[in-house]
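All remarks here apply to the structure that follows.
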Amino acid sequence: MSKQYQITKSFNHFEWIDICKPDKEELKKIAEAYQLDYFQIKDSLQPGHLPKIEIHDRYTFIVLRAFTANFKTGASTVPELSNKIAFFFNNEKLITIHSTPFSFLNIQDKPFTSVEDLLLHIIFKMVNSYEQPFEELDTKISELEKVIFLKDYTKVSIENLYFLKAQARITKKLLQIFQNVVNQIQVKDEQRTAQQNIKDHLLSLILSYDEVLEDANNLLNSYHSVNAQKNNDVMKLLTVFSAFFLPLTFIAGIYGMNFDYMPELEWHFGYFATLTVMLVIAIIIFLWFKRKKIL
């Protein structure tokens, strides 16, 4: 469980208040103390809230999500894959509210010149949190491809492929909403370069996750194709065995009938003649399969 805390840091031209996991009473106090909309503060702690931006006369309200999950746990929803930070800011003050501690918020005496400078720094760190998951997904897809095509495809679970696809799809959508919010943030001219750097980084990640999602879809289709091919091979083998033994079983069935008058049963070489006929039929079927390139 994350611990509750409130940290206030003063810089030359602004103040930063970082609040982790406040309860309802604290939310009301924060709303009153800093003249914030109480319902927006409640939004900041709702686990599944997607990124958004609301611009008011006195401040701007932003919700963004950083990637915090471990793919090995099978996470496949927005709250499972990420946690959010709510930002309330104007020129004099930045307030961050979140329910999970983030290591990149532990800022030690860095010389931030303005609220926007600190805000963009935190947002950049949040965008960076999506890099490692992309590398993990990309590596996992490469490993699964090798297993499916070069080793034993039965060792690959269809459940793992589903979670792989779901994780790539949801993360990509989350980044696209993240990008839409960042594009709407208004900053001063001196911060435009830093904001553009974040935009470029987001675009690069979205394209990377798009590629991973396409690879995951192709991998799932390949798994189904290989599985279907293996099933076809089994059916083909059973069909070949049936083609060999059906006429032989027919002959054996005829001479296994208990009729009183079956003249072939009295022949001296009847047994060997029947075996010879059965062998000839088997050879003919084998040659026909070879000619049709079935075997």
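The values are calculated or read from the model by the stated rules, or taken from the named source; none is laboratory data. Bear in mind the structure is a predicted one, so any value in this text is a computation, not a measurement. Ideal geometry is used to build each Cβ from the backbone, glycine not excepted, and the neighbour counts take in all protein chains shown.
List of remarks:
- Only one of E145, E190, E159 that is surrounded by 12 or more Cβ atoms within 10 Å (Cβ to Cβ) and part of a helix (DSSP H, G or I): E145
- Qualifying residue in region 115-137 (condition: touching a residue at least 40 places away in the same chain (Cβ under 8 Å), touching a helix residue (DSSP H, G or I) at 6+ places or on another chain (Cβ under 7 Å) and over 27 Å from Q196 (Cβ atoms)): yes
- Region 100-120, residues that are of a type outside the set (A, V, I, L, M) and within 24 Å of I55 (Cβ to Cβ): F112, T113, S114, E116, D117
- Qualifying residue in region 187-205 (condition: assigned by TED's automatic domain parsing to the domain that holds K52, more than 15 Å from the chain's Cα centre (by Cα), among the charged types (D, E, K, R) and more than 15 Å from D117 (Cβ to Cβ)): yes
- Residues satisfying the stated conditions in region 30-56, i.e. charged (D, E, K, R) and either at pLDDT below 85 or under 30 Å from I170 (Cβ atoms) (or both): D37, K42, D43, K52, E54
- Assessment of region 49-70 against the conditions (surrounded by fewer than 19 Cβ atoms within 10 Å (Cβ to Cβ), of a type in the set (A, V, I, L, M), over 30 Å from D215 (Cβ atoms) and assigned by TED's automatic domain parsing to the domain that holds L27) yields at least one matching residue.
- Qualifying residue in region 132-151 (condition: modelled with pLDDT of 85 or more, of a type in the set (F, W, Y) and farther than 19 Å from S44 by Cα): yes
- Residues that are within 18 Å of L64 (Cα to Cα), within 34 Å of the chain's Cα centre (by Cα) and among the aromatic types (F, W, Y) within region 1-49 comprise just one, F39.
- When residues in region 58-85 are screened for being more than 18 Å from Q176 (Cα to Cα) and among the aliphatic types (A, V, I, L, M), 2 of them pass.
- Just one of the listed residues (S103, S82) is within 25 Å of D43 (Cβ to Cβ) and in contact with a strand residue (DSSP E or B) (Cβ under 6 Å, 6 or more places away or on another chain), and it is S82.
- For S222: the one exception among (1) in contact (Cβ under 8 Å) with a residue 24 or more places away in the chain; (2) among the hydroxyl-bearing types (S, T, Y); (3) outside any helix (DSSP H, G or I): (3)
- The condition of being surrounded by 11 or more Cβ atoms within 10 Å (Cβ to Cβ) and more than 30 Å from V147 (Cα to Cα) holds for only one of G270, G256, that being G270.
- Every condition in (1) crowded, with 21+ Cβ neighbours inside 10 Å; (2) more than 31 Å from the chain's Cα centre (by Cα) holds for H98 except the one numbered (2).
- Considering the conditions (1) more than 16 Å from L144 (Cβ to Cβ); (2) within 23 Å of the chain's Cα centre (by Cα); (3) not basic (K, R), N217 is excluded by exactly one of them, (1).
- Inter-residue pairs, beta-carbon under 8 Å, first in the same structural domain as L161 (by TED's automatic domain parsing) and in region 138-150, second surrounded by 11 or more Cβ atoms within 10 Å (Cβ to Cβ) and not in a helix (DSSP H, G or I), 6+ apart: L144/V156; V147/V156; I148/V156
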